[in-house]
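The structure under discussion appears below in the form of structure tokens.
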Amino acid sequence: SQTIHQWPATLVQPVGSPLSLECTVEGTSNPNLYWYRQAAGRGLQLLFYSVGIGQISSEVPQNLSASRPQDRQFILSSKKLLLSDSGFYLCAWSVQGWGQYFGPGTRLTVT
Amino acid sequence: GDSVTQMEGPVTLSEEAFLTINCTYTATGYPSLFWYVQYPGEGLQLLLKATKADDKGSNKGFEATYRKETTSFHLEKGSVQVSDSAVYFCALIRFNSGNEKLTFGTGTRLTIIP
């Protein structure tokens with residue numbers, strides 16, 4: 001069966017520090033991968049999606065970036081965090097026709 | 001563009017009450033429809049889905065029927081439990097659109113009191 005992992009689970013970082021969040025998927029090949037952000041009490045905002053290694057599409061302009069160095073690995077990064085980057089970051093995967101499946105999330109607090 | 005509209009929350013019900021959370025959508029073509037549930041502090045879990053008109057998705061006592069004539073996918077449960085307290089998201093995908101990006105509703109927070 002397929003599983004999706006995210007780490008770290010929680011993170012507190014100062015403004016201006018770098019960020020790296022990692023997501024890995026097991027049990028499937030060539031999935032589509034997604035990064036979402038959920039601000040407190042609000043819905044989900046799609047940040048990036050990827051249909052293959054090295055292929056990244058950005059949905060919103062921001063100081064975040066994403067990379068996909070391996071088929072089942074998706075990384076969300078920032079060189080300098082802003083206060084507004086605080087939120088709950090969710091990774092998801094999909095294989096065509098079955099919907100998206102989400103990881104447990106990373107709660108990021110920028111202080 | 002595609003959009004999903006959910007009933008405004010929060011919704012508070014007593015245990016064993018009947019639940020309906022309304023969801024309507026706007027999309028061209030034939031989208032697939034989903035309900036996701038998010039328990040406190042966790043990621044989203046796929047609750048149920050329907051891929052064509054008149055399909056009924058069901059899971060854990062929840063049901064939703066894909067109604068193309070009313071562009072709706074309302075979530076129902078006959079007798080809710082305290083453990084059903086969560087945020088529920090309605091969503092759609094148009095698989096023939098060249099990608100699989102989900103369009104989400106804003107979510108409905110449900111609280112069940114004993």
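Right, A:Gly103: within 23 Å of B:Tyr88 (Cα to Cα), at pLDDT below 90 and either touching a Lys or Arg at 6+ places or on another chain (Cβ under 9 Å) or not β-branched (Val, Ile, Thr) (or both) or not? In short, no. Under the condition of being more than 14 Å from A:Gln45 (Cβ to Cβ) and part of a strand (DSSP E or B), the residues counted in region A:87-99 number 2.
Can you spot a residue in region A:24-35 that is away from chain B (no Cβ under 12 Å), more than 29 Å from B:Gly57 (Cα to Cα) and open to solvent by 30 Å² or more (accessible area, probe 1.4 Å)? Within region A:24-35 (the criterion being away from chain B (no Cβ under 12 Å), more than 29 Å from B:Gly57 (Cα to Cα) and open to solvent by 30 Å² or more (accessible area, probe 1.4 Å)), the answer is no, since none of the residues qualifies. I'd like to verify a number: residues in region A:47-65 that are open to solvent by less than 30 Å² (accessible area, probe 1.4 Å) and closer than 16 Å to A:Pro18 by Cβ, how many? Counting residues in region A:47-65 that are open to solvent by less than 30 Å² (accessible area, probe 1.4 Å) and closer than 16 Å to A:Pro18 by Cβ gives 1. Quick one: how many residues across region A:66-91 are more than 8 Å from chain B (Cβ to nearest Cβ), among the aliphatic types (A, V, I, L, M) and open to solvent by less than 10 Å² (accessible area, probe 1.4 Å)? Residues flagged as more than 8 Å from chain B (Cβ to nearest Cβ), among the aliphatic types (A, V, I, L, M) and open to solvent by less than 10 Å² (accessible area, probe 1.4 Å) within region A:66-91 amount to 2. Would you please name the residue that is surrounded by the fewest Cβ atoms within 10 Å (Cβ to Cβ), looking only at residues in region A:92-111 that are of a type in the set (S, T, N, Q) and more than 8 Å from every other protein chain (Cβ to nearest Cβ)? Looking at the filtered set, the residue picked out is A:Thr111.
The values are calculated or read from the model by the stated rules, or taken from the named source; none is laboratory data. The model shown is predicted, which means the values in this text are computed figures rather than measured ones. Quick reminder, even Gly has a Cβ in these numbers, built from the backbone with ideal geometry, and neighbours come from all protein chains shown. Ligands, DNA and RNA are excluded from the accessible area calculation, which covers all protein heavy atoms including side chains. Shrake-Rupley method; radii C 1.70, N 1.55, O 1.52, S 1.80 Å.
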